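Below is one structure, written out as structure tokens, with a few remarks after it.
The values are calculated or read from the model by the stated rules, or taken from the named source; none is laboratory data. Computed from a prediction, not measured in an experiment: that's the story for all the values here. A quick note on method: Cβ atoms are made from the backbone with ideal geometry, for glycine too, and the neighbour counts reach across all protein chains shown. Ligands, DNA and RNA are stripped out before the accessible areas are found, and what is left, the full protein with its side chains, is counted by its heavy atoms. Shrake-Rupley method; radii C 1.70, N 1.55, O 1.52, S 1.80 Å.
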Amino acid sequence: MLLKDKVAVIYGAGGAIGGAVASAFASEGAELFLTGRELAPVEVVAERVVSAGGSAEAAEVDVLDEWAVDKHLQSMIDKAGRVDISFNAVGIPNARILGVPLVELDVEQFSLPITIYATSYFLTARQAARRMVPKGSGVIMTVTALHSRTGIPLVGGYGPAMAAKEALTRGLSAELAPQGIRVVGLRPQAMPETGTIKDAFEPRAKASGMSWEQWQELLAGRTHPRRLMTLEEMANVAVFVASDKASGMTGTTINLTMGSLDD
Ligand SMILES: NC(=O)c1ccc[n+]([C@@H]2O[C@H](COP(=O)([O-])OP(=O)(O)OC[C@H]3O[C@@H](n4cnc5c(N)ncnc54)[C@H](OP(=O)(O)O)[C@@H]3O)[C@@H](O)[C@H]2O)c1
């Protein structure tokens, strides 16, 4: 069990990535504190983990409310004694940010993903770091997308938002790694089983006269194995990164695009 005796908090745990990472962490022995903007979807994930024999508690936490993040972490420390892993899987609906050419994009719509993604990661990371520094260990993780490193049309401020998170991963690591804390991001290719990707791409597929299946084939054709990654594969990497086996890894975002994006 790679995460035996590890205590993990996951933000956005009711979402596709948060839920998959929760199941993978629990199956490797982690004690989980799962949070989300709304309680109901997080409770579904917590119940799934517990019925599979794992340990999980669900709570409602808005990551943009630093007081709420702080209060939840404190209650977690009171119960479990520490936080070893902080995983931010928060995402905002793509419908709010995609589809408008940059030259026509409203400045607020442009800024929205940059502000929300960067602020959410900043707040959850620093609150976790404040608990990790005194014990001299911990892992802070998040998720980005290949838009951080390559130009893709009609994604508005999403690319700059992903680039900001990857820069923050490097900055956090530069400050925290000397104190024993690793900071590592994951950059997966689109995982078509997630609602996020279907919502984002199905309208674009239709607009290009393609079916959803044809669109997936187009994306898959850009990867070396000619297929897209599964949530389970991404979550397996998350387990390794969160574990002590990855003790040599910090200040980086792992390229999980299966060859779509060169380093
Ligand atoms: N899905 C993919 O294939 C893929 C690939 C590469 C990168 N990513 C990135 O990975 C992240 C997560 O993706 P996903 O597919 O798991 O998205 P998702 O299923 O929409 O999950 C995101 C979760 O974040 C929660 N959330 C939003 N605002 C919040 C807030 N203020 N406080 C707490 N929780 C909040 C959402 O809750 P509500 O539902 O209540 O809003 C939702 O449960 C995104 O940044 C996405 O861009 C995804």
Per Stokes-Einstein, at 25 °C and 0.890 mPa s, what whole-number D in µm² s⁻¹ belongs to the range 113-263, with the Kirkwood radius over Cα pairs as the hydrodynamic radius?
-> 149
To one decimal place, what orientation-averaged projected area in nm² is obtained for the convex hull of the Cα set of the range 120-196?
-> 5.7
Computed magnitude of the charge dipole of the chain (debye, nearest 20; Cβ of K, R +1, Cβ of D, E -1) | 580
Within the chain, helix-based [θ] at 222 nm, where runs of 4 or more DSSP H residues each add -39,500 (n - 2.57), nearest 500 | -15000 deg cm²/dmol
Counting only heavy atoms of protein chains, what accessible area per residue, in Å², does the chain have with a probe of 1.4 Å?
-> 46
With +1 at each Lys and Arg Cβ and -1 at each Asp and Glu Cβ, the charge dipole magnitude of the range 78-150 around its Cα centre, to the nearest 20 debye, comes out at 520
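Per the Kirkwood definition applied to all pairs of different Cα atoms, how many angstroms is the hydrodynamic radius of the range 1-42? Each step should come with its number before you reach the end.
Working: mean 1/r = 0.0991 Å⁻¹.
Evaluated on the range 1-42, it is 10.1 Å.
Using a 10 Å cut-off on Cβ atoms, rank the peptides 238-244, 52-58 from the highest mean neighbour count down. Walk me through the numbers on the way to the answer.
Numbers: 238-244: 20.1, 52-58: 17.1.
Those peptides, ordered most packed to least, come out 238-244, 52-58.
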Answer in debye to the nearest 20: the dipole magnitude of the range 147-198 about its Cα centre, from +1 Lys/Arg and -1 Asp/Glu charges placed on Cβ, is 60
When only C-alpha pairs under 8 Å and at least 6 residues apart count, what is the relative contact order of the chain, in percent?
-> 19
Sorted from largest down, give the three principal axis spans of the alpha carbons of the range 36-116, whole angstrom values.
-> 50, 27, 20
So the carbon and sulfur contribution to the accessible area of the range 151-263, 1.4 Å probe, in percent, is 53
For the chain, restrict the atom set to alpha-carbon positions and state the Rg and Dmax in Å.
-> 17.9, 56
Using Cα atoms only, what is the angle between the long axis of helix 16-27 and the major principal axis of the chain, expressed in degrees (0 to 90) to the nearest 10?
-> 40
Longest principal axis of the chain (C-alpha) makes with the long axis of helix 158-176 (C-alpha) an angle, in degrees to the nearest 10, of 30
